[in-house]
1. How many residues are part of a helix (DSSP H, G or I) and open to solvent by less than 80 Å² (accessible area, probe 1.4 Å) when one looks only at the stretch 1-10?
2. Please work out if TYR65 is farther than 14 Å from LEU11 by Cα, open to solvent by 100 Å² or more (accessible area, probe 1.4 Å), at pLDDT 90 or above and not hydrophobic (A, V, I, L, M, F, W, C).
3. Output the residue which, of all residues in the stretch 19-36 that are open to solvent by 70 Å² or more (accessible area, probe 1.4 Å) and within 22 Å of the chain's Cα centre (by Cα), is farthest from VAL47 (Cα to Cα).
4. Please go through the stretch 28-62 and give me each residue that is assigned to a loop (DSSP other than H, G, I, E, B) and modelled with pLDDT under 90, ordered by number.
5. Give me the pairs: first residue in the stretch 41-62 and closer than 17 Å to ILE6 by Cβ, second residue of a type outside the set (Val, Ile, Thr) and surrounded by fewer than 10 Cβ atoms within 10 Å (Cβ to Cβ), beta-carbon distance under 8 Å, and six or more apart or on different chains, which are they?
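The values are calculated or read from the model by the stated rules, or taken from the named source; none is laboratory data. Only a predicted model underlies this, so the values are computations on that prediction, with no experimental measurement involved. Heads up, the Cβs are rebuilt from the backbone with ideal geometry, glycines too, and the neighbour counts pull from every protein chain shown. Side chains are part of the model used for accessible areas, which takes the heavy atoms of the whole protein and leaves out ligands, DNA and RNA. Shrake-Rupley method; radii C 1.70, N 1.55, O 1.52, S 1.80 Å.
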Amino acid sequence: MKNPGIPLLILTTLILILVTIFASLGLAFSWVFYLTVSGQATLVFAVYKVLTDDYQTEKTFKDWYEDRPEPNDD
């Protein structure tokens, strides 16, 4: 993948889904707590990686949306 933050967001999602499953199954509080803390830390790190990514594009707002033709000023 081009952006290193996306796999981190996928990992964060999987960790927090595990938290939900473990909490609903009644697993020990310590497992749920540590998974929650690690999920939150992973989320903060993923957001940092996405926001500090050196991404540049040639597109501007004048390019409008790619999936829709340009509006007519008729």
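1. First, the residues of the stretch 1-10 that are part of a helix (DSSP H, G or I): 5-10.
Checking the rest, the ones that are also open to solvent by less than 80 Å² (accessible area, probe 1.4 Å) come to 5-9.
Number satisfying all stated conditions: 5.
2. Values: farther than 14 Å from LEU11 by Cα: yes; open to solvent by 100 Å² or more (accessible area, probe 1.4 Å): yes; at pLDDT 90 or above: no; not hydrophobic (A, V, I, L, M, F, W, C): yes.
No.
3. So the first thing to find is which residues in the stretch 19-36 are open to solvent by 70 Å² or more (accessible area, probe 1.4 Å), and the list is 20-21, 24-25, 27, 29, 31, 33-34.
Restricting the remaining residues to those that are within 22 Å of the chain's Cα centre (by Cα) gives 20-21, 33-34.
Numbers: THR20: 21, ILE21: 24, PHE33: 21, TYR34: 20 Å.
Out of the qualifying residues, it is ILE21.
4. Correct list: THR52, ASP53, ASP54, TYR55, GLN56, THR57, GLU58, LYS59, THR60.
5. none
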